[in-house]
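Just so it is clear, none of the values below were taken in a lab; they were calculated from the coordinates. This one's a predicted model, so the numbers in the text were calculated from it and none came from an experiment. All Cβ positions, glycine included, derive from the backbone under ideal geometry; neighbour counts span all protein chains shown.
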Amino acid sequence: MLIDTLAYTNRLRAAHPGEKMLFALCTLFGALLTDSIGILGAIAIGMMLVTILKIGIAPRVYGKLLLIPATFIVMGAIPLLIETGHLSDAAVVSFNIAGYWLYVTLASFQRCSVIILKSLASISCFYVLVLSTPVNDVLYLLGKIGVPALLVEMMSLVYRYLSVFVETVSQMYLAQKSRQGYSSFSKALKSLGILASTIFIRALLKSSAAYNALLARGYRGEIATLKDMRPINRRAVAQILWGELVLFALIAWNSVQ
């Protein structure tokens with residue numbers, strides 16, 4: 001998958017995953033704590049710049065990865081923007097549809113802006129971690145900090161089976177497309193119906209085959225992988241902690257204003 005490829009080929013691949021997780025999760029926690037539009041916007045833009053300039057993800061690729069969640073965020077925030085019922089004196093924009101008022105107030109606009117920026121800031125923090133750190137490294141860290149081994153292995157297997165699922169969908173879609181399965185609207189609907197009806201069966205069979213392959217290679221509840229970890233860079237950790245201290249100080253200062 002694209003995210004796996006980027007996680008293994010970025011500029012921070014050799015950095016210790018603990019440093020990247022510390023930076024991403026602390027910033028994410030700060031974004032969840034504050035409702036300040038300015039701080040949330042700064043976090044979102046700052047983490048995007050880190051992903052593009054520091055990690056080395058191409059802006060076009062990052063934009064494609066951000067487009068889908070951003071679309072769902074905006075669509076989900078629109079109902080929070082529009083007020084209904086009796087027209088309020090605080091309405092900035094209003095529409096009357098068949099005697100039914102729809103309007104926007106400054107309070108609803110601010111509420112919607114906070115939700116959108118908080119979600120974008122959280123996603124940008126998440127992308128800093130997943131686009132710079134392979135899943136194996138993240139699972140290794142989770143095991144080190146005390147997450148139960150069974151849960152870590154379940155997460156590992158689910159992720160691998162997700163890759164099998166995506167690969168199966170891609171192969172079936174390509175096969176249908178090569179046979180003009182999407183040349184018209186009616187054919188596209190028929191092809192999508194066939195794809196939806198068979199994909200889970202194909203994915204289940206492939207997942208079962210993958211599990212049998214693991215058993216044949218001595219799988220006993222733990223997938224052993226080679227861990228090539230660089231030592232933690234104390235200077236980088238100090239810089240991260242200092243930056244997070246400044247962020248939380250700004251959040252605290254804003255909360256008392």
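Structural remarks
- Sole residue being closer than 19 Å to V246 by Cβ, free of Cβ contacts under 8 Å to residues at least 24 places away in the same chain and either of a type outside the set (K, R) or not in a helix (DSSP H, G or I) (or both), chosen from L28, L49, L32, L87: L49
- All of (1) over 28 Å from L40 (Cα atoms); (2) touching an Asp or Glu at 6+ places or on another chain (Cβ under 7 Å) hold for Y103 with one exception: (1).
- Filter pass, V152 being exposed (fewer than 14 other Cβ atoms within 10 Å of the Cβ), farther than 30 Å from D35 by Cα and among the β-branched types (V, I, T): no
- Helices (runs of 4 or more DSSP H) contained entirely in region 111-226, each with at least 3 residues that are more than 26 Å from the chain's Cα centre (by Cα) and at negative phi: 149-178, 185-216
- Only a single item in (1) part of a strand (DSSP E or B); (2) closer than 30 Å to T168 by Cβ is not met by F72, and it is number (1).
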